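Q: Take this structure, written in structure tokens, and hold onto it; I'll ask about it next.
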Amino acid sequence: MGDFDTFAALLVQPVYMVTAPGPPPAGCLVGFAGQCSVDPVRFVVWIPKADRAHDAALAADALGVHLLPYGHGPATQFDGPGGDGTDRFAGVEWYHGPYGVPVLAQAPAWFVGRVLDCVDWGDHTGLLLAPVAVEAPSAGAAVLSHRDVDEAGAGRPAGARGSVGGRP
């Protein structure tokens, strides 16, 4: 749908790292997410069905949603569908947050949200979250966006592999 692709390319949206408790802990790079209610506060993340973190996210009581530092930090380890046996958390500094959710130490901002609902939406599953813990700086931080991710990165068709790279 070329016209919509042109429209979407004009948007500057962050990409997110979504994490779920294990064992083992799971995580994936997510290109589709956003606040969907102000009162009460609600946020939805769409997890690609092709990603190995999908099943862990569906089984979790809570998920972590992280903004990533510009320059991509751990993004490259969590991009693509996974399933090759690689430990995505290897070499990534993290700790257990609320509900046992992995919290990435490099994230300039994050929240843990309790899963309220999930809906099958095509090649992704939407999970509705109610934030229970939030860490955010008082001033804006430079975070990774769709424009920083190459064409094969976040937002690609589910199941397609790609790489993530920062662009000036």
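Q: What do you reckon, is Val65 at pLDDT 95 or above, among the β-branched types (Val, Ile, Thr) and surrounded by fewer than 22 Cβ atoms within 10 Å (Cβ to Cβ)?
A: Values: at pLDDT 95 or above: yes; among the β-branched types (Val, Ile, Thr): yes; surrounded by fewer than 22 Cβ atoms within 10 Å (Cβ to Cβ): no.
No; evaluated as a whole, the condition is false for this residue.
Q: Have a look at Cys28, Cys36 and point out the one that is touching a residue at least 24 places away in the same chain (Cβ under 8 Å) and touching a Lys or Arg at 6+ places or on another chain (Cβ under 6 Å).
A: Numbers: Cys28 fails: touching a Lys or Arg at 6+ places or on another chain (Cβ under 6 Å).
After applying the criteria, what remains is Cys36.
Q: Given (1) of a type in the set (A, V, I, L, M, F, W, C); (2) farther than 19 Å from Leu116 by Cα; (3) surrounded by fewer than 20 Cβ atoms within 10 Å (Cβ to Cβ), where does Cys28 come up short, assuming only one miss?
A: Only one criterion in (1) of a type in the set (A, V, I, L, M, F, W, C); (2) farther than 19 Å from Leu116 by Cα; (3) surrounded by fewer than 20 Cβ atoms within 10 Å (Cβ to Cβ) is unmet by Cys28, namely (3).
Q: For region 96-168, which fully contained strands (runs of 3 or more DSSP E) count at least 2 residues that are modelled with pLDDT of 95 or more and either charged (D, E, K, R) or surrounded by fewer than 19 Cβ atoms within 10 Å (Cβ to Cβ) (or both)? Even if it seems obvious, please write down each step before you answer.
A: Details: elements: 102-104, 109-121, 124-135.
Answer list for region 96-168: 109-121, 124-135.
The values are calculated or read from the model by the stated rules, or taken from the named source; none is laboratory data. Model, not experiment: these values are computed from the prediction. Don't worry about glycine lacking a Cβ; one is built from the backbone with ideal geometry, like all the others, and counts go over all protein chains shown.
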